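Here is the structure we will look at, set down as structure tokens.
The values are calculated or read from the model by the stated rules, or taken from the named source; none is laboratory data. For clarity, every value in this text was computed on a predicted model and none was experimentally measured. In this analysis, Cβ positions are derived from the backbone assuming ideal geometry, glycine residues included, and neighbour counts consider all displayed protein chains.
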Amino acid sequence: MEMRRLGKSDLKVAPLILGGNVFGWTADEATSFRILDAFVDAGLNAVDTADVYARWAPAGGGASETVIGAWLKQGGKRDKIVLATKLGSEMGEGMKGLSASYMVEAVEASLKRLQTDVIDLYQSHRDDPDTPQEETAEAFERLVKAGKIRAIGSSNFEPERLKSALEVSEAKGLARYQSEQPLYNLYDRAGFEAGLQQVCIDNEVGVIPYYGLASGFLTGKYRSEADLAKSPRGRGVKRYLDERGLRILAALDEVSARRDATPAQVALAWVMAQPGLTGPIASATSVEQLEELIGAARLKLTAEDLAALDKASAPAAEAV
């Protein structure tokens, strides 16, 4: 399996990252263990989670990290994965953001839940405009020097804020963001491509986008209003059911038939082929779903395939 360097760090990851948002939520512990084992056995190595997963569900915040920690303890596979988690989203009253004091508290809580001594990639889940970027960068630097984390990344940052954070780190010789985690897929292109993509390319920041399948829309499962009732996620998919969305599905069908692949595999392979992309994050609630995702990492799209998908998914302003 091809490995890609994450930014300027020494971390190397396969072109598909396993999303841990479902662990302890829609995938129970036993299922999560099977998914993680199958993922590693397939030669893939990066697992992404966050302290806040799954605060919106009965399991509560920290559930995903707890499941991953239990898997690491019983499986002895810590050295086989690049372990990524995030901080900054609200975990409770006064428990959010990127202040130095809170970061120390958050990293210790994540390390305990993950049952590990070090986090390979520790990411700011979202920007914190109320905390000076110098304070955040200095706190990250102390955590790196203390051996708590190996590298840092950002998520959901605006281009200007990511650029200024990188400039602060460069000027002061501090740990710098090695990756950015934006929303990006065949449908949701405009936000990332409008400026963030170029900032990442210019500064050698790896890109590991989330929602690579647009909440399941790009699997082809939802093609009409009636299909929305098939899943609890249907409500979130409704916004994709427009003329452009259906055009994207038609292009996915065409390329899938040509490549003997599924629409989901083609959609993820398209993301993997984009300039500056390290690899998309995708989650699975069963080993069968995971096997389909793994197929995407082995699929090579042709120039003709990419052109067809680019044309069908061009943001409204660019559509021909």
Based on what the data block shows, is Phe33 closer than 23 Å to Ala109 by Cα and part of a helix (DSSP H, G or I)? yes
Checked against (1) surrounded by fewer than 23 Cβ atoms within 10 Å (Cβ to Cβ); (2) within 24 Å of Ala38 (Cβ to Cβ), Val266 satisfies every condition except (1)
Ala70 meets each of (1) crowded, with 17+ Cβ neighbours inside 10 Å; (2) without any contact (Cβ under 8 Å) to a residue 40 or more places away in the chain; (3) out of contact with any strand residue (DSSP E or B) (no Cβ under 6 Å at 6 or more places or on another chain); (4) not in a loop (DSSP other than H, G, I, E, B) with one exception, condition (2)
Matching residues in the range 290-309 (buried (at least 16 other Cβ atoms within 10 Å of the Cβ) and either touching a His at 6+ places or on another chain (Cβ under 9 Å) or free of Cβ contacts under 8 Å to residues at least 12 places away in the same chain (or both)) number 0
Determine if the range 140-154 includes at least one residue that is farther than 19 Å from Gly7 by Cα and of a type in the set (Asp, Glu). no
Of the candidates Ser101, Ser64, Ser89, Ser110, the one satisfying the condition of being of a type in the set (S, T, N, Q), farther than 26 Å from Val13 by Cβ and either modelled with pLDDT of 95 or more or assigned to a strand (DSSP E or B) (or both) is Ser101
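Okay, residues lined up against (1) assigned to a loop (DSSP other than H, G, I, E, B); (2) buried (at least 24 other Cβ atoms within 10 Å of the Cβ); (3) of a type outside the set (A, V, I, L, M, F, W, C):
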{"residue": "Pro15", "(1), (2), (3)": "yes, no, yes"}
{"residue": "Asp37", "(1), (2), (3)": "no, no, yes"}
{"residue": "Ala59", "(1), (2), (3)": "yes, no, no"}
{"residue": "Thr85", "(1), (2), (3)": "no, yes, yes"}
Per the list (1) touching a residue at least 24 places away in the same chain (Cβ under 8 Å); (2) out of contact with any strand residue (DSSP E or B) (no Cβ under 9 Å at 6 or more places or on another chain); (3) surrounded by fewer than 18 Cβ atoms within 10 Å (Cβ to Cβ); (4) more than 21 Å from Pro209 (Cα to Cα), residue check on Asp28 breaks on (1)
If we keep only residues of the range 128-159 that are of a type in the set (Gly, Ala, Ser) and crowded, with 16+ Cβ neighbours inside 10 Å, then the residue nearest to Leu11 (Cα to Cα) is Ala151
With respect to Ser64, is the statement that it is surrounded by fewer than 16 Cβ atoms within 10 Å (Cβ to Cβ), among the hydroxyl-bearing types (Ser, Thr, Tyr) and over 14 Å from Ala175 (Cα atoms) true? no
